[in-house]
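Asker: Got a structure here, written out as structure tokens. Questions coming.
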Amino acid sequence: ETGVTQSPTHLIKTRGQQVTLRCSSQSGHNTVSWYQQALGQGPQFIFQYYREEENGRGNFPPRFSGLQFPNYSSELNVNALELDDSALYLCASSGGLAGNTGELFFGEGSRLTVL
Amino acid sequence: GESVGLHLPTLSVQEGDNSIINCAYSNSASDYFIWYKQESGKGPQFIIDIRSNMDKRQGQRVTVLLNKTVKHLSLQIAATQPGDSAVYFCAENSNDYKLSFGAGTTVTVRA
């Protein structure tokens, strides 16, 4: 167990709806990254939050947004869901920026299905 | 652009044999590489990492080799066990905030 918890574990939405996924980082970790993992693919970086600020963003449209709270937990919000948004969404925490340590501690993920 | 890829999507290995998983990368600016293991229904788990100033690094039953000349990374697992069955990803870091993952190699251990 990594100490990173995500909720919900599974959810089903329809096209056009909005979804919020939640992540509690490992104790003491101030950096949270979100990744999207489509079936049979490697994780793709969405964005990273460091001390409540977005610290970097991958190639995802603005309808993917996030927040980090003072306790370092985080949310991923996706608006106007599309079928291709169906994936496993992974949250990873670390004690510093990704370049300083490879030990990203991943949660078990939230499996989103868009119908 | 940068990309990380694996040579083979699947690998079947006899229990007790050694496994070698290969990965090619294209971004010569990458200076940090990591191998992750992902079991079914779980998130990726850190196995071992290596920085670009090294050619080899060893852990418990695992060894990572880095060949910067041909931009190649490999993971060797000694005495493969049934618990090693999983998807293995190589990942690279070339800046401060993101890791780029390959598509993964599925390792199946035969009893």
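Asker: Within the range B:22-62, what residues put their amide N at less than 14 Å from the label point 7 Å along the Cα-to-Cβ vector of residue B:69?
Answerer: Hits in the range B:22-62 for residue B:69 at 14 Å: B:55.
Asker: Report the net charge of residues surrounding residue A:112, where surrounding means a beta-carbon distance below 9 angstrom and charges are Lys +1, Arg +1, Asp -1, Glu -1.
Answerer: Once positives and negatives cancel, what remains is +1.
Asker: Using a 1.4 angstrom probe with every protein chain in place, what is the largest-first accessible-area order of B:8, B:65, A:88?
Answerer: So the residues, ranked largest to smallest area, are B:8, B:65, A:88.
Asker: Moving to a separate point now. Express the relative contact order of the range B:45-91 as a whole percentage, based on alpha carbon pairs under 8 Å and six or more residues apart in sequence.
Answerer: Here the relative contact order equals 24 percent.
Asker: Considering only the other residues whose Cβ falls under 11 Å of the Cβ of residue B:67, what net charge follows from Lys and Arg at +1 and Asp and Glu at -1?
Answerer: My count for the surroundings of residue B:67 gives +2.
Asker: Okay, next question. With a cut-off of 8 Å between alpha carbons and a minimum separation of six or more residues, what is the relative contact order of chain B in percent?
Answerer: So the answer I get is 38 percent.
Asker: Also, quick follow-up: Please compute the net charge surrounding residue B:108, taking Lys and Arg as +1 and Asp and Glu as -1 over other residues with Cβ under 13 Å from its Cβ.
Answerer: -3
Asker: Among B:42/B:68; B:71/B:98; A:13/B:37, which pairs are too far apart, with a Cα-Cα distance over 27 Å?
Answerer: Table pairs above 27 Å Cα-Cα are B:42/B:68; A:13/B:37.
Asker: Let me ask another. Which whole-number percent gives the relative contact order of chain A, counting Cα pairs below 8 Å spaced six or more residues apart?
Answerer: This gives 37 percent for chain A.
Asker: Counting only protein heavy atoms and a 1.4 Å probe, tell me what percentage of the protein assembly as shown's accessible area is made up of carbon and sulfur.
Answerer: Accessible surface attributable to carbon and sulfur in the protein assembly as shown totals 47 percent.
Asker: If you build a Gaussian network model of chain A, linking Cα atoms that sit under 10 Å apart, which residue out of A:77, A:59, A:30 swings the most?
Answerer: Sorting by GNM fluctuation, first place goes to A:59.
Asker: What do you reckon, how do A:35, A:72 stack up by accessible area (1.4 Å probe), largest on top?
Answerer: Greatest to least solvent exposure: A:72, A:35.
Asker: A follow-up question, please. What accessible area per residue, rounded to a whole number of Å², is obtained for the protein assembly as shown using a probe radius of 1.4 Å?
Answerer: The answer is 47 Å² per residue.
Asker: Using a Förster distance of 22 angstrom, determine the FRET efficiency expected from the C-beta separation of residue A:80 and residue A:22, and round it to 0.05.
Answerer: That gives a FRET efficiency of 0.65.
Asker: Next question, about the same structure. Could you work out the mean count of beta carbons from other protein chains within 10 Å of each residue's beta carbon in A:41-47?
Answerer: Mean number of neighbouring Cβ atoms from other chains: 6.
Asker: Let me ask another. Keeping all protein chains in position, work out how much accessible area residue B:26 exposes to a 1.4 Å probe, and write it in Å² to the nearest 10.
Answerer: Probe radius 1.4 Å; accessible area of residue B:26 about 50 Å².
Asker: Based on DSSP, what percent of beta bridges with both residues in chain B are antiparallel, to the nearest 5?
Answerer: Taking every DSSP beta bridge with both residues in chain B, the antiparallel ones total about 90 percent.
Asker: Taking a probe of 1.4 Å and counting only protein heavy atoms, give the total accessible area buried between chains B and A in Å², rounded to the nearest 100.
Answerer: Interface between B and A: roughly 1600 Å².
The values are calculated or read from the model by the stated rules, or taken from the named source; none is laboratory data. The model shown is predicted, which means the values in this text are computed figures rather than measured ones. Every residue, glycine as well, gets a Cβ built from its backbone with ideal geometry; the counts of neighbours run over all protein chains shown. Heads up: the accessible areas ignore ligands, DNA and RNA and are worked out on the full protein's heavy atoms, side chains in. Shrake-Rupley method; radii C 1.70, N 1.55, O 1.52, S 1.80 Å.
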